[in-house]
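K.L.:
Got a structure for you, questions after.
Where a number appears in this text, it was derived from the coordinates with a stated rule and is not lab data. Quick caveat, the model's predicted, so the values are computed rather than measured. We place every Cβ from the backbone using ideal geometry, glycine too, and count neighbours over all the protein chains shown.
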Amino acid sequence: MDHGLPDDYTVDTAVALAVRAPSVHNSQPWQWRSGDRTLHLYADRTRLLPGTDPDGRDLILSCGAALHHLRVGFAALGWRAEVHRLPNPAEPDHLASIELHRHEPTHHDIALAAAIPRRRTDRRRHSSWSVPTGHLETLARHAADEGTILRPALDAARYHLARAITAAAETHAGDPAYRTELAAWSGRHTAPDGVPSANAPAQDDTPGALPARAFADPLLRQPEHAPGDNDDTVLLVLSTASDDTMSRLRAGEATSAVLLTATSLGLATSPLTEPLEIADTRAKVRDLVTGGTFPQMVLRTGWAPVNADPLPATPRRALADVLAPLGTPLSAEPRYQSH
Ligand SMILES: Cc1cc2nc3c(=O)[nH]c(=O)nc-3n(C[C@H](O)[C@H](O)[C@H](O)COP(=O)(O)O)c2cc1C
């Protein structure tokens, strides 16, 4: 980029931070295009997961998370991102165009950016230490700043959410299209996308543990825990007032804001969207958990046990595969079977 705008090194660095964002099955369904004065985010529909995410909600959430990671990266590099979301109604996959303005990084910008390379989806059980209410309030404030609602599911809401999580896992277990797709996108060892075996634990056999997504070939060990040392996981539900592409994009940005803030507080986190991928269980979560607002994301958070091994970072595709000059066409080849 020219004209006193970020140089190519800065743009590459910010996009490299953006693509560290979480995405459903690590599908990385985004493309970036760089113009003279602007940067653009596109949804990459070739990476849609029809068996898991039939209406493409997780895909837009994933792109929203990458957009927020980009904003955070640029802010720490001294550039404020002015984001125009869905700038062209005739081109619905053009999710954002981004203009950049010089700015002085704050301590907060730097703390969030420093959390990007440290964040992991940690699906293992948590310790019995409770998460302070002040931390949960901080997370809710960051979600609200992105135009969304974040609440812990407590008491009856938690009961209904746990039932929806269990029911969704059962429905998915009996759905061959879902299972085939999940097997194709997980159990990986060296691929630049998909969920590696090293990041997927076997199902937690502790009584009362919630079912987790049944990734192929799970090799991650659960940390040892003392008998009676219950997992004090908090289930946070992020919801929006409406359910259009803009709301989902904002929900993805909020997901990133919450995950990076939680990481900077030292918390372990894991997104969990199975109950929201099936119309029936999502409707139940909406009626019984989020008070009629549209549930977009469930986040497990808690303290990792002190004896939990550090998790490896999941891989990402090369920058050259996702960042190109403006005008470079998006690929049309489905990547569903890629390994
Ligand atoms: C929209 C969305 C939905 C996700 N759903 C789940 C889920 O249901 N279960 C799960 O274990 N991980 C889920 N994840 C986490 C991804 O699998 C994870 O981000 C990806 O494998 C990359 O790993 P990382 O987050 O450690 O970088 C989800 C992430 C996103 C953004």
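K.L.:
How many nm is it between the label spots at A156 and W129, if each spot is 7 Å from the Cα in line with the beta carbon?
P.N.:
Here the modelled spin labels are 3.4 nm apart.
K.L.:
Residue separation times 0.36 nm, minus the C-alpha to C-alpha distance between A241 and A114: what's the value?
P.N.:
Values: separation 127, 0.36 × 127 = 45.72 nm, distance 3.11 nm.
The span from A241 to A114 would gain 42.6 nm if fully extended.
K.L.:
Simple spin-label model, 7 Å along Cα-to-Cβ: T166 to A313 in nm?
P.N.:
Going by the 7 Å Cα→Cβ label model, 3.9 nm.
K.L.:
Can you put M297, M246 in order of Cβ neighbours within 10 angstrom, beginning with the fewest? Before the final figure, lay out each step's value.
P.N.:
Values: M297 28, M246 16.
Lowest to highest Cβ neighbour count: M246, M297.
K.L.:
Please work out the FRET efficiency for the pair D217 and V306, using the Cβ-Cβ distance as r and a Förster radius of 25 Å; give the result to the nearest 0.05.
P.N.:
Working: r = 27 Å, r/R0 = 1.10.
Calculated transfer efficiency: 0.35.
K.L.:
Related question: Would you mind checking the range 306-321 for residues with the amide N under 14 Å from a putative spin-label position 7 Å along Cα→C-beta of D229?
P.N.:
Counting backbone N atoms under 14 Å from the label point, the list is 306-309.
K.L.:
Return the calculated 222 nm mean residue ellipticity for the chain, to the nearest 500 deg cm²/dmol, obtained by summing -39500 (n - 2.57) across DSSP H runs with n ≥ 4 and dividing by the residue count. Provide the component values of the computation, followed by the final result.
P.N.:
Details: 9 runs with 115 residues, N = 339.
The helix contribution divided over the chain gives -10500 deg cm²/dmol.
K.L.:
Here's a follow-up. Efficiency by 1/(1 + (r/R0)^6): what FRET value for A332 and A183, r their Cβ-Cβ distance, R0 = 22 Å, to the nearest 0.05? Walk me through the numbers before you get to the answer.
P.N.:
Working: r = 25 Å, r/R0 = 1.13.
The value I calculate is 0.35.
K.L.:
Something else about it: Going by C-beta contacts inside 10 Å, put Y178, Y159, Y9 in order with the fewest on the left.
P.N.:
On the way: Y178 22, Y159 13, Y9 9.
Least crowded to most crowded, the residues run Y9, Y159, Y178.
K.L.:
Tilt of helix 133-145 relative to the longest C-alpha principal axis of the chain, in degrees (0 to 90, nearest 10)?
P.N.:
The two axes meet at around 40 degrees.
K.L.:
Out of every Cα-Cα pair in the range 107-204, what percent are more than 22 Å apart?
P.N.:
Values: 2571 of 4753 pairs.
Value for the range 107-204 (Cα pairs over 22 Å): 54 percent.
K.L.:
Quick one: if the Förster radius is 30 Å, what FRET efficiency do R102 and E137 give, using the C-beta to C-beta distance and rounding to 0.05? Walk me through the numbers before you get to the answer.
P.N.:
Values: r = 32 Å, r/R0 = 1.08.
Rounded to the nearest 0.05, the efficiency is 0.40.
K.L.:
Something else now. What size of dipole, in debye to the nearest 20, comes out for the chain about its Cα centre when the only charges are +1 on Lys and Arg C-beta atoms and -1 on Asp and Glu C-beta atoms? Can you show the working numbers first?
P.N.:
Numbers: 33 positive and 41 negative charges, 50 e Å.
For this selection, approximately 240 debye.
K.L.:
Now, a different point. Would you work out the Kirkwood radius for the range 133-302? I mean one over the mean of 1/r across all pairs of different Cα atoms, in Å. Before the final figure, lay out each step's value.
P.N.:
Working: mean 1/r = 0.0591 Å⁻¹.
Evaluated on the range 133-302, it is 16.9 Å.
K.L.:
Of all the C-alpha pairs in the chain, what % are more than 31 Å from each other?
P.N.:
Working: 16174 of 57291 pairs.
Summing the P(r) of the chain above 31 Å gives 28 percent of all pairs.
K.L.:
If the chain between R45 and Y9 were fully stretched, how many nm would it gain, using 0.36 nm times the residue separation less the Cα-Cα distance?
P.N.:
Numbers: separation 36, 0.36 × 36 = 12.96 nm, distance 2.78 nm.
So the chain would gain 10.2 nm between R45 and Y9.
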